[in-house]
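See structure below.
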Amino acid sequence: MEFHCYTDWDELPAGADDLFREAEHQSLFFSRRWFETLFRFGLEADQQLAIACVSQDDRFVALLPLRIAADGHWHALSTFYSSLFSVLLANAEHDEALGCLATGLAGLPLRSLSIEPIADDDAH
């Protein structure tokens, strides 16, 4: 498994759309359209995009859309309009994908990472 972090929607390989389509069956708040719209219209001008991803054999197995604040703190790509947020995971290898994601994030220059709102019954 490989970790990647993209900073623009146009950088994200087309294969990521498969995972977004799978996730949006669970909630509108997991769709690519939701995240793109939220980033475009719901964030402050000084915030940047980061899409942390794990791939295996050209297939995306984990996606974590994030926003980077000017002070170096990283947050879930969410606002008060978001009622739900989660790591988007393919149906297989959850533990390995999450481990790779955590290791990759630990290697990035972030001061802190805040992921919310997570559903009470989220198993990830």
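Quick notes on this one:
- Residue match in segment 63-71 (condition: more than 11 Å from the chain's Cα centre (by Cα) and open to solvent by 40 Å² or more (accessible area, probe 1.4 Å)): yes
- Looking across segment 21-55 at every residue that is modelled with pLDDT of 90 or more and open to solvent by less than 40 Å² (accessible area, probe 1.4 Å), the one that is nearest to Asp95 (Cα to Cα) is identified as Val54.
- Beta carbons closer than 7 Å, at least 6 apart along the sequence or on distinct chains, pair a first residue in segment 85-108 that is under 15 Å from Leu63 (Cβ atoms) and β-branched (Val, Ile, Thr) with a second that is modelled with pLDDT under 90 and not in a helix (DSSP H, G or I) for Val87/His124.
- Residue match in segment 6-14 (condition: touching a residue at least 12 places away in the same chain (Cβ under 8 Å), among the β-branched types (Val, Ile, Thr), surrounded by fewer than 15 Cβ atoms within 10 Å (Cβ to Cβ) and under 20 Å from Glu116 (Cβ atoms)): no
- The requirement of being open to solvent by less than 30 Å² (accessible area, probe 1.4 Å), within 15 Å of the chain's Cα centre (by Cα) and in contact (Cβ under 8 Å) with a residue 12 or more places away in the chain is satisfied by Ser78.
The values are calculated or read from the model by the stated rules, or taken from the named source; none is laboratory data. Note that the structure is predicted; figures quoted are calculated from it, not measured. For neighbour counting, all protein chains shown are included, and Cβ atoms are generated from backbone atoms with ideal geometry for every residue, glycine included. Heavy atoms of the whole protein, side chains included, go into the accessibility calculation; ligands, DNA and RNA do not. Shrake-Rupley method; radii C 1.70, N 1.55, O 1.52, S 1.80 Å.
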